[in-house]
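Visitor: Supplied in structure tokens, the structure appears directly below.
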Amino acid sequence: MAALPDDLTDAPDEALLRLYANGDGGAARALTARHAPRVMNLAWRMLGDRTEAEDVTQEAMLRLWRVAGDWRSGEARLSTWLYRVAANLCTDRLRRRRGVPLDTVPDPADEAPGAVERLMAGDRAAALQAALDRLPERQRLAVVLRHIEGASNPEIAAALETSVEAVESLLARGRRALAAMLEGDRDKLGLDR
Amino acid sequence: MTEKPKETGPTDAVLEPFFAAARAERAAPSAALMAAIADDALAVQAGRAAAAGGGVPAAAATAAGAARPASCPGRWAAFWAGLGGWPAAATFASAALFGVALGAASPAPGALFPWGAGAVAAEDALFPGFGDLLAEG
């Protein structure tokens with residue numbers, strides 16, 4: 001993508017969206033540069049598949065372009081709205097995957113297809129991904145948004161359309177499950193106990 | 001918006017090195033994806049401009065299950081469409097108008113049905129007995 005003018009790079013999301021709705025193509029590029037990587041990363045963490053994550057990212061951004069002209073100022077944060085759209089798209093895809101034998105019953109981490117290779121490679125991020133893949137969808141979403149994307153609990157609550165208390169509960173359960181799955185791998189991954 | 005979560009207990013101490021590794025390893029969108037997104041943006045923009053030029057408001061697409069940040073067709077619009085919309089309303093209005101005209105004209109018996117009272121009598125002959133039932137209460 002071509003370099004963006006500073007005034008667009010620093011402009012607030014809503015101002016950029018308004019500019020885009022009024023015909024400014026540069027504003028769309030600024031919004032894409034700002035938000036597509038976040039959506040892409042969330043989708044990749046949720047789906048574990050780069051191609052699918054790209055599809056979700058493109059679809060989420062397309063929906064943003066379509067609502068741009070009717071966006072109500074102050075009603076929702078654009079980043080939260082995009083997370084919500086991406087989360088819903090990921091959930092839809094994960095539900096469609098059900099019925100595929102490999103995804104029906106989660107296996108223990110050491111036996112999960114692909115997990116051994118990931119652990120053998122000694123990649124902590126890959127080990128985390130293997131564990132994330134086995135969390136229930138909403139726990140996974142909450143954990144990824146909080147601990148990888150750095151979203152606040154109220155933002156996650158808005159994205160998941162639930163309460164902050166429910167997010168705290170999802171996070172607590174998600175972290176406990178992840179810790180149980182990963183604790184035994186700390187030695188292999190060069191982490192002191 | 002990025003906010004590094006605080007560690008709150010032994011669970012977080014176990015997980016933080018994994019989260020740190022994951023934060024460092026991000027799936028960046030490819031140049032082709034960024035170009036495709038930009039193309040989408042321009043296409044939607046062009047469509048919106050064309051629709052505005054034709055006097056038709058651009059449709060607001062909404063995310064599946066996501067909050068609607070903008071006005072969108074409401075339940076009444078869906079209900080109206082379910083009834084058949086304007087074509088159904090026109091048909092209904094025509095039928096009502098015909099009924100009113102019929103009542104106002106008060107035509108003589110047989111004027112509207114040129115096949116005459118004989119046909120009605122023949123129909124009665126096909127379904128005898130109902131009049132008797134009514135008469136008996």
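The values are calculated or read from the model by the stated rules, or taken from the named source; none is laboratory data. Note that the structure is a prediction, hence the values are computed from the model and not measured. When we count neighbours, we look across all protein chains shown, and the Cβ atoms used for this are built from the backbone with ideal geometry, even at glycine.
Visitor: Got a number for residues in segment A:64-83 being out of contact with any Pro (no Cβ under 8 Å at 6 or more places or on another chain), surrounded by fewer than 24 Cβ atoms within 10 Å (Cβ to Cβ) and at the interface with chain B (Cβ under 7 Å from one of its Cβ atoms)? Outline the logic, then answer.
Guide: First, pick out the residues of segment A:64-83 that are out of contact with any Pro (no Cβ under 8 Å at 6 or more places or on another chain): A:64-66, A:68-69, A:73-74, A:77-80, A:82-83.
Checking which are surrounded by fewer than 24 Cβ atoms within 10 Å (Cβ to Cβ) leaves us with A:66, A:69, A:73-74, A:77-80.
Remaining after also requiring at the interface with chain B (Cβ under 7 Å from one of its Cβ atoms): A:66, A:69, A:79.
Count: 3.
Visitor: Looking at A:R63, is it modelled with pLDDT under 90 and assigned to a helix (DSSP H, G or I)? Explain how you work it out, then say what you get.
Guide: Values: modelled with pLDDT under 90: no; assigned to a helix (DSSP H, G or I): yes.
In short, no.
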